[in-house]
């Protein structure tokens, strides 16, 4: 894996692996339930389903029903405004406040932001797409929409998006009459159609609908995760975890001719991985175990491709054991795209803590950042908040440090929706297109709910994590020798 061998200065044969320091120059509060209340006349949605991304000079964040743009110093430049206002300003004004599950990605090759959301006004719901007309997200956007699933009364849920050099991808889980799982779907749209000067066009899209069953009996892809690639790969890549527990595969598909109106989707070519079990509701310090952990699916923010390598993260249980003494962990994988093989995997965990809702990103140096929700049990005072862990890669081996809290929650969280203590459903990590060492992370945090009728409500936290490699031991020795030589020379000159 030469791409992920950090460049270190080898002197006298002593080139050792680099460790990494993390600087956090920007760390601020993002959108919260109170912003929802402001833009929606006194109500807020759960969960926030926050989706966000960094681009040149800006950070854009979307949650269920609210939208904001910050500059990369953390100052608010647009919003908060409702998603309805955002999409209406972009040219789609027929859905009112029925938007959900917002997603956004910045595409460096075109210099555009692409946002997506589903509507919830009926079981035959729509997907709405908006594209910025420049790299500045505070400027003009243009939008369009299409029905998410051609099967009548088939609700398209939990959209996941990705972009590459030829196409834009959006996938959904589908539910007949909004209730019974009916497989996964994928829509591909030629990227040139999204960049159309008059606004995005979706008439040339290809649609693969209600896919049920994996490559082997007793498997089922659940939540297609299209993989963004900011390079020049020739085919689209779609990954998915399995719908059954325990599971031991990652489902893998290829999209050919995505830049045309006749894209094709390959059959499943599943990748064998270490076994994983569905996660469970997370602990809280009040001794409850009720924080909704979603499940072990992956989505847009859980996969990231750089070069030939794809990084994936999910929240799992590491065995069949459940209950108060079992804790959710983060499982990560690195997959080589060209060979469709697992290169390495590992688990991030901490005693007395649950880790859920992960997001992952990597750069070409092999630096990896995973952001996630962390919540502790009654032996801790670690309330639902934003955590991260960083990894460095040398010789094809990635080593992660200790999971670190970025922002602790203000207290225990309990707001029931759909029979669950709703949280998430996801975090976000993206790499600054102008600075490959700068990772931007966003996730959910429990904040004081005064004025909202609850002790604590959901908020979000946004931060920049700069990965700064430390010199290798060999380099330090060399620098020490060089320093001694310089001192000797100075002394020699001084005494001359």
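Every number in this text was worked out from the coordinates using simple rules, so none of it is lab data. Just so you know, these numbers come straight off a predicted model, no measurement behind them. So basically every Cβ, Gly included, is an ideal-geometry build from the backbone, and we count neighbours across all protein chains shown.
Assorted remarks:
- Most to least packed among 249-256, 385-392, 262-269, 141-148 [average Cβ atoms within 10 Å]: 385-392, 249-256, 141-148, 262-269
- Mean Cα-pair separation over length for segment 242-355, i.e. relative contact order, pairs under 8 Å, 6 or more apart, %: 20 percent
- When the helices of the chain are scored as -39500 (n - 2.57) per DSSP H run of n ≥ 4 and the total is divided over every residue, the value at 222 nm lands at -2500 deg cm²/dmol.
- Label zone (residue 78, point 7 Å along Cα-to-C-beta; backbone nitrogen cut-off 20 Å) within segment 126-153: 128-145.
- Segment residue 85-residue 320, length gained on full extension (0.36 nm per residue, minus Cα span): 80.0 nm
- For the listed peptides 280-290, 298-308, a ranking on the average number of other beta carbons within 10 Å per residue, highest first, reads 298-308, 280-290.
- Rel. contact order, % - alpha carbon contacts under 8 angstrom, at least six apart, segment 126-185: 23 percent
- Applying 1/(1 + (r/R0)^6) with R0 = 41 Å to the Cβ-Cβ distance of residue 109 and residue 405 gives a FRET efficiency near 0.70.
- Answer label, with semi-axes √(5λ) of the Cα gyration tensor in Å calculated from the coordinates and candidates (1) 35, 28, 22; (2) 36, 27, 25; (3) 48, 31, 20: (2)
- Added length on full extension, which subtracts the Cα-Cα distance from 0.36 nm per residue, residue 397 to residue 378: 3.3 nm
- Crossing angle, helix 473-495 versus the chain [Cα axis fit, 0-90 degrees, rounded to tens]: 40 degrees
- Cut-off 19 Å, label 7 Å out along Cα→Cβ of residue 286, residues of segment 339-375 by amide N: 353-354, 374-375
- Relative contact order [Cα under 8 Å, 6+ residues apart], the chain, whole percent: 15 percent
- A crude spin-label estimate for the pair residue 181 and residue 217, with each label 7 Å from Cα along the Cβ direction, gives 2.0 nm.
- Between segment 292-369 and segment 380-433, the C-alpha centres lie 12 angstrom from each other.
- Two-site label geometry, residue 138 and residue 204: point separation in nm, points 7 Å out along Cα→Cβ: 3.4 nm
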